[in-house]
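Here is the structure we will look at.
Bear in mind these aren't lab numbers, they're just calculated from the coordinates by the rules spelled out. Keep in mind that what you see is a predicted model, and the values were worked out from it rather than measured. Every residue, glycine among them, receives a Cβ derived from its backbone with ideal geometry; neighbour counts consider all protein chains shown.
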Amino acid sequence: MSRVWNFSAGPAALPEEVLRQAAEEMLDWHGAGMGVMEMSHRGKEFVAIAEAAEADLRELLAVPANYRILFMQGGAIAENAIIPMNLLGDKVVADYVLTGSWSVKSYKEARKYGQMNVAASAEATGFTAVPAMCDWQLSADPAYVFTCTNETIGGVEYPFEPDLAQIGRGEVPVVADMSSHILSRVIDVSKYGLIFGGAQKNIGPAGLTIVIVREDLLGRAMALCPSAFDYRTVAEAGSMYNTPPTYAIYIAGLVFQWLKRQGGVAAMEARNVAKARLLYDYLDGSGFYESRVDPACRSRMNVPFFLKDESLNDAFLSGAKEAGLVQLKGHKSVGGMRASIYNAMPIEGVAALVDYMKAFAARHG
Ligand SMILES: *Cc1c(COP(=O)(O)O)cnc(C)c1O
């Protein structure tokens, strides 16, 4: 068996330790005589797995007691509809901050459910920066302010937490799509009304959506909101109103335990800073490659980059594959290359990429 360095944006690489443990437990989980996929979601074994996963996530992110953690389905894209259906309540407007493809998609979907106001947009920069909070034009009484704090496609990450108290609007709940950087850096959950993300970037298998929601925001769903997507219904049922994605929750739980063994989120953040610095420093100094994102807003997780001579793109990608470095092609809307370096990517993988990039530049420079 040989494993490659996988730079996929998602579904993405998982820690090898986690995959090995899952393989060992595949046929017989802890003497249960069956694997996790075969268990009733209401049996004591699986309930223990789900409770431990939730408790570990709560500990890793220091989630305050007045927040509920929900294990849902439908991915972040379904949440684009589920959020306005749940949070608009008796208000008519919500505010959106547009920083790239994902927040734009969220905004467009939300318009099916109410009046959505663009509070700020980085479109004029080609979505290469995050508008400063002092320039956000919030409406008079929004139900929430929507943000995507790491734009996976453009590689733009908020260099600040969107704490509305700093602009005198602390009463408005902030919603954050953290799909592609949740657990990669320390955050203050109490600054948000709702945090959500698909699991397949930085947590586990596709099919699981994590929602962390402040309790006072429950119970406002529109009458037409599907019961399985009503946050209060899901919360009251302990995320088991319908059959949850049990195997994905189990793997997520193993990833949370792995994160704790790594020293938790602060330790991961330090590693992620070092990984990102290694790659960006090389890009900036190379003369051969470039990053086009505002240096203040460059994502630590998703690093789009370009060869200055784009006619070499195919040669770059095929040489990378031969060197065991895969999934480096940029998103079609951006072009060029993209290296996603989530928690599960060790610094050795980033170093292998930089070594390959150096050798390629020397050959073609
Ligand atoms: C991947 C991604 C999505 C889409 O997630 P799905 O699971 O496909 O619904 C949405 N937002 C961000 C920031 C993402 O990275």
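A few notes on this one:
- For GLN115, the residues whose amide H sits under 5 Å from its own are ALA94, ignoring neighbours fewer than 5 places away on the same chain, with H placed 1.01 Å from N.
- Think of the chain as a dipole: +1 on every Lys or Arg Cβ, -1 on every Asp or Glu Cβ, centred on the Cα centre; then among SER333, ALA120, LEU70, SER333 lies furthest on the positive end.
- Spherically averaged projected area of the convex hull of Cα atoms, region 132-219: 6.5 nm².
- FRET efficiency for ALA165 and ASP135, using Cβ-Cβ distance with R0 set to 22 Å, rounded to 0.05: 0.85
- One quarter of the convex hull surface built on the alpha carbon atoms of region 223-306 amounts to 9.4 nm², the projected area averaged over directions.
- Simple Cβ-charge dipole of region 195-330, Lys/Arg +1 and Asp/Glu -1, about Cα centre, in debye nearest 20: 340
- In order along region 125-136, phi translates into HN-Hα couplings of 8, x, 6, 10, 8, 10, x, 5, 4, 5, 9, 6 Hz, rounded to whole numbers, per the Karplus curve 6.51 cos²θ - 1.76 cosθ + 1.60 with θ = phi - 60° and x for Gly and Pro.
- Calculated mean residue ellipticity at 222 nm for the chain: -11000 deg cm²/dmol, from DSSP H runs with n ≥ 4 weighted as -39500 (n - 2.57), summed, divided by the residue count and rounded to 500.
- With a cut-off of 13 Å between beta carbons, the residues surrounding VAL273 carry a summed charge of +3, where Lys and Arg count +1 and Asp and Glu -1.
- Alpha-carbon Debye profile of region 25-261, log10 I(q)/I(0) at 0.08, 0.14, 0.15 Å⁻¹: -0.30, -0.87, -0.99
- Note: region 264-364, Cα convex hull, 100 Å³ per residue.
- Leading residue at positive end of dipole, region 25-261 (Cβ point charges), from PRO244, ILE182, ASN202: PRO244
- Net dipole in debye of the chain [+1 Lys, Arg Cβ; -1 Asp, Glu Cβ; about Cα centre; nearest 20]: 440
- Evaluating 6.51 cos²θ - 1.76 cosθ + 1.60 at θ = phi - 60° for every residue in region 356-365, the Karplus couplings come out as 5, 4, 5, 5, 5, 5, 5, 5, 10, x Hz, glycine and proline recorded as x.
- J(HN,Hα) series, region 49-57, from Karplus relation 6.51 cos²θ - 1.76 cosθ + 1.60, nearest Hz, glycine and proline x: 4, 5, 5, 5, 4, 5, 5, 5, 5
- Dipole moment magnitude, nearest 20 debye, region 264-364 about Cα centre, only Lys, Arg, Asp, Glu C-beta charged: 180
- Over 27 Å apart at the Cα level, from the set LYS44/LYS260; LYS260/LYS332; LYS108/LYS260; LYS91/LYS332; LYS260/LYS329; LYS260/LYS321, are LYS260/LYS332; LYS108/LYS260; LYS91/LYS332; LYS260/LYS329; LYS260/LYS321.
- Straight-line cross-link reach from LYS358 at under 20 Å between alpha-carbon atoms covers these aspartates and glutamates, not counting any fewer than eight positions away in the same chain: ASP281, ASP284, GLU290, ASP309, GLU310, ASP314, GLU322, GLU348.
- Across the options ASN86, SER8, ALA55, the greatest Cα extent toward the positive end of the charge dipole of region 1-107 (unit charges at beta carbon of Lys, Arg, Asp, Glu) belongs to ASN86.
- Net +/- balance of residues flanking ILE82 in space, Cβ distance below 11 Å, scoring K and R +1, D and E -1: -3
- Potential lengthening of the chain between LYS112 and VAL326 amounts to 73.2 nm, from the contour at 0.36 nm per residue minus the alpha-carbon distance.
- Spin-label zone in region 1-24 - amide nitrogen under 11 Å from a point set 7 Å from the Cα of LYS358 along the C-beta vector: none
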